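So the structure is just underneath, and the comments pick up after that.
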Amino acid sequence: MSTLAGLLGFPVRHSRSPAMMNAAFAELGLDWRYLALPLPPRRFAEAVRALAGSGYRAANVTIPHKLAALEVADEVSDAARAIGAVNTLTLREDGHIAGDNTDAGGLLDALGEPAPATALVLGAGGAARAAVWALASSGTQVTVWNRTARKAAALATELGVEAATRPGPAELLVNATSVGLRADDSLDGLPLVDARVVVDLVYGDAPTPIARWAEERGARLVDGREVLVRQGARSLAVWTGREAPLEAMRRAVVHGASSTSAQV
Ligand code: ATR
């Protein structure tokens, strides 16, 4: 019987992770099956424990379960604890559950260049927390901005960075808000400062509003799809110890297209 892996989220139908991860397992010749499992927020812990008893050895976790996944794990990595969120679960046959966070490392891998001296992260939800932690722990001086300023202030205090209501330019700008999930989202409310590199954690088939903005100004754009591929590659390495086939994963993300945008 195949080894089973699941994507736990609500909703999950727009995710490209199943196409991407199944392509990776096939390319590596591993008999694994990766399924999208829509899981409403109630009874998350119970469901995860049941999966462990039903042949599931691995899971990725997405909105809205990343906090609950931290709580259900018997053991968590330092990154996951510091970020306060788990996106990768390893389910042992004896019931032991290990939690990790590959969103942070995935973002740095996708960036593909030394961490910049300064960065501005927009947003204060789970995606922003992983981005702030990843960059700050690489030595970047991070500023956080959020529409609801008190959330940015709380996140900044917790992770030891600055919060700003009117931020200045930075080398790197990260969109970790959900702005752009709808193609006609306006960028008017965001402080889009001058930046050499822009990471948009929102992705879709068509360029997102932030991607269009970045390209118009000649900034280097790091597409959310590359962040998705890189976090998936790290999850796969956690579960199997194998190096992920990045090209096969990228192809699957592009071809597993849906007309709706999503967020890493
Ligand atoms: P995630 O875990 O993916 O980060 P989230 O916790 O729902 O998701 O966070 C969404 C982020 O997008 C928040 O920072 C939210 O700002 P608020 O805290 O003020 O709600 C931000 N966001 C959503 N819509 C926005 C908009 N139109 N303009 C600016 N920020 C927005």
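The values are calculated or read from the model by the stated rules, or taken from the named source; none is laboratory data. Computed from a predicted structure; not experimentally measured. Ideal geometry is used to build each Cβ from the backbone, glycine not excepted, and the neighbour counts take in all protein chains shown. Accessible surface is based on the protein model in full, side chains and every heavy atom, while ligands, DNA and RNA are left aside. Shrake-Rupley method; radii C 1.70, N 1.55, O 1.52, S 1.80 Å.
Quick look at the values:
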quantity: Sole residue being within 22 Å of Leu120 (Cα to Cα) and open to solvent by less than 40 Å² (accessible area, probe 1.4 Å), chosen from Ala214, Ala252, Ala244, Ala248; calculated: Ala214
quantity: Inter-residue pairs, beta-carbon under 8 Å, first more than 17 Å from Val222 (Cβ to Cβ) and in the range 172-193, second open to solvent by 60 Å² or more (accessible area, probe 1.4 Å), 6+ apart; calculated: Ala183/Ala206; Gly189/Arg147; Pro191/Arg166
quantity: Of all residues making up the range 42-83, the number that are part of a loop (DSSP other than H, G, I, E, B) and either modelled with pLDDT under 95 or of a type in the set (D, E, K, R) (or both); calculated: 10
quantity: The range 6-63: number of residues that are closer than 21 Å to Ala127 by Cα, open to solvent by 20 Å² or more (accessible area, probe 1.4 Å) and among the polar types (S, T, N, Q); calculated: 2
quantity: Residue in the range 174-211 that is modelled with the lowest pLDDT, counting only those that are within 14 Å of the ligand (Cβ to nearest atom) and not in a loop (DSSP other than H, G, I, E, B); calculated: Tyr203
quantity: Any hit, the range 101-117, residues being away from the ligand (no atom under 13 Å from the Cβ), open to solvent by less than 10 Å² (accessible area, probe 1.4 Å) and assigned to a strand (DSSP E or B); calculated: no
quantity: Subset tally (residues that are surrounded by fewer than 22 Cβ atoms within 10 Å (Cβ to Cβ) and either touching a residue at least 60 places away in the same chain (Cβ under 8 Å) or among the charged types (D, E, K, R) (or both)) for the range 64-81; calculated: 5
